[in-house]
Amino acid sequence: MPRNDVTFGLLGALQVRAGGLPLDVRGTVVNHLLGALLIHANAWVSHSRLASLTWGEADASRNALHCAVARLRRMLGDAGGRDPGIEHSGAGYRIIVEPDRLDAARFSALARLADEADKPDTRFEALLRALRTWRGPVLAESSEWLRMDPAVLALERDRLERTYELGDVALRLDRASLALPLVEQLAAHLPFDEPLHARLLTLMAAVGRRAEALRAYGRVRRRLADELGVDPSDVLREAHLALLNAQTRTAAPAAGTADGRAGHRIGPQARGPGVGRPYAGDARSGRRPRTAPDHARSEPAAAPLLEAGALALPFADAGRALPLDRIADAVLGWR
């Protein structure tokens, strides 16, 4: 099949470019149809499934679907000047897209490179490149039923797990400043993902933004209390305690100094569990119910001070699969 001069982006709002210039995908139906085909790029999508992804619960005839596909073909053909790559058979429709023409395919390829890397710095670079392909939630401005497709949820879950890993590897390699913007970006869209926000606090502290990290923890704690009626889970509270301990260690004078001003400094290097994809369980696990007002509760007092030159990583539970229902909640909450 001849190469088309059209590229597609679905890691964010639907994006189509022809010859490097943005192409306006006119019409809600055509927009949803293209998004549905791209989610399942290079795979057959049945007529009924494609209709439900395009129109939602509204009834649509096969003839209406054929007409919408014809409009999409015409639009892409006019833009690229070649065959748009939409095929039809008794199995349904599919769009043929070369991997370098679709951002989701590039992300997956880079994620596989990270998995195959045998050195932490090579893994970090692949993760960084992979996550930089994201502009926002998958098909961010599309319909709810399209964004709830299992293929979309799987992409969102992979992004989240890769972001967890990026943060952990960055701390080990003392490259927190590179990972922080990507963790911050995703955390803004996932206000209740406590393992993600715990990593955000630790990365912020590692680049010298400890006071800001403490304020961020306060905002998360209030959000959990006001909107969910719960206290932070263990993973988030442990990240907060690490910040407090580091602050105490930085402020305290070192023993044996003459003027009390040469205490230990808490450096940006972090030590923690092995590189992987840690996940501290469901967002509701490990929480204490809110049974008393804020002024009547205090954080656990028995946490040891940090070793000098280290920030403790509070992510102890590794390797669990992320539940799809949490991703679904997050996707709906982004809109």
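The values are calculated or read from the model by the stated rules, or taken from the named source; none is laboratory data. Quick caveat: nothing in here was measured; it's all calculated off a predicted structure. Ideal geometry is used to build each Cβ from the backbone, glycine not excepted, and the neighbour counts take in all protein chains shown. The protein model used for the area step is the full one, side chains on, heavy atoms only, and it has no ligands, DNA or RNA in it. Shrake-Rupley method; radii C 1.70, N 1.55, O 1.52, S 1.80 Å.
In a residue-by-residue description of region 128-139, the property of being over 19 Å from ASP158 (Cβ atoms), in contact with a Ser or Thr (Cβ under 7 Å, 6 or more places away or on another chain) and open to solvent by less than 10 Å² (accessible area, probe 1.4 Å) applies to no position. Scanning region 211-230 for residues that are charged (D, E, K, R) and within 23 Å of the chain's Cα centre (by Cα) yields GLU212, ARG215, ARG219, ARG221, ARG222, ARG223, GLU227. Residues in region 43-74 that are at pLDDT below 95, open to solvent by 70 Å² or more (accessible area, probe 1.4 Å), in contact with a strand residue (DSSP E or B) (Cβ under 9 Å, 6 or more places away or on another chain) and within 21 Å of GLY9 (Cα to Cα): ARG73 alone. Under 8 Å by Cβ, and 6 or more places apart or on different chains, what pairs join a residue from region 169-185 that is over 15 Å from ALA213 (Cβ atoms) with one that is part of a helix (DSSP H, G or I) and of a type in the set (Lys, Arg)? That search, which allows pairs on different chains as well, returns VAL169/ARG123.
Considered as a group, the residues in region 12-21 that are at pLDDT 90 or above and in a strand (DSSP E or B) include one that is farthest from the chain's Cα centre (by Cα), and that residue is ARG17. Of ARG123, ARG157, ARG106, which residue is open to solvent by 40 Å² or more (accessible area, probe 1.4 Å), assigned to a helix (DSSP H, G or I) and without any contact (Cβ under 8 Å) to a residue 60 or more places away in the chain? Just a single option satisfies the conditions, and that option is ARG106. Hey, any hits in region 22-40 for a residue that's part of a strand (DSSP E or B) and either more than 27 Å from the chain's Cα centre (by Cα) or within 22 Å of TRP134 (Cβ to Cβ) (or both)? Yes, because at least one residue in region 22-40 is part of a strand (DSSP E or B) and either more than 27 Å from the chain's Cα centre (by Cα) or within 22 Å of TRP134 (Cβ to Cβ) (or both). A single member of LEU171, LEU166, LEU182 is assigned to a helix (DSSP H, G or I), buried (at least 18 other Cβ atoms within 10 Å of the Cβ) and in contact with a strand residue (DSSP E or B) (Cβ under 6 Å, 6 or more places away or on another chain), and it is LEU171.
What number of residues in region 221-239 are farther than 19 Å from ARG172 by Cβ, open to solvent by less than 10 Å² (accessible area, probe 1.4 Å) and either of a type in the set (S, T, N, Q) or assigned to a helix (DSSP H, G or I) (or both)?
3
The listed residues are ARG147, ARG199, and the only one of them that is touching a residue at least 60 places away in the same chain (Cβ under 8 Å) and surrounded by 24 or more Cβ atoms within 10 Å (Cβ to Cβ) turns out to be ARG199.
Evaluated against (1) surrounded by 17 or more Cβ atoms within 10 Å (Cβ to Cβ); (2) assigned to a helix (DSSP H, G or I); (3) hydroxyl-bearing (Ser, Thr, Tyr), SER142 falls short on exactly one condition, (2).
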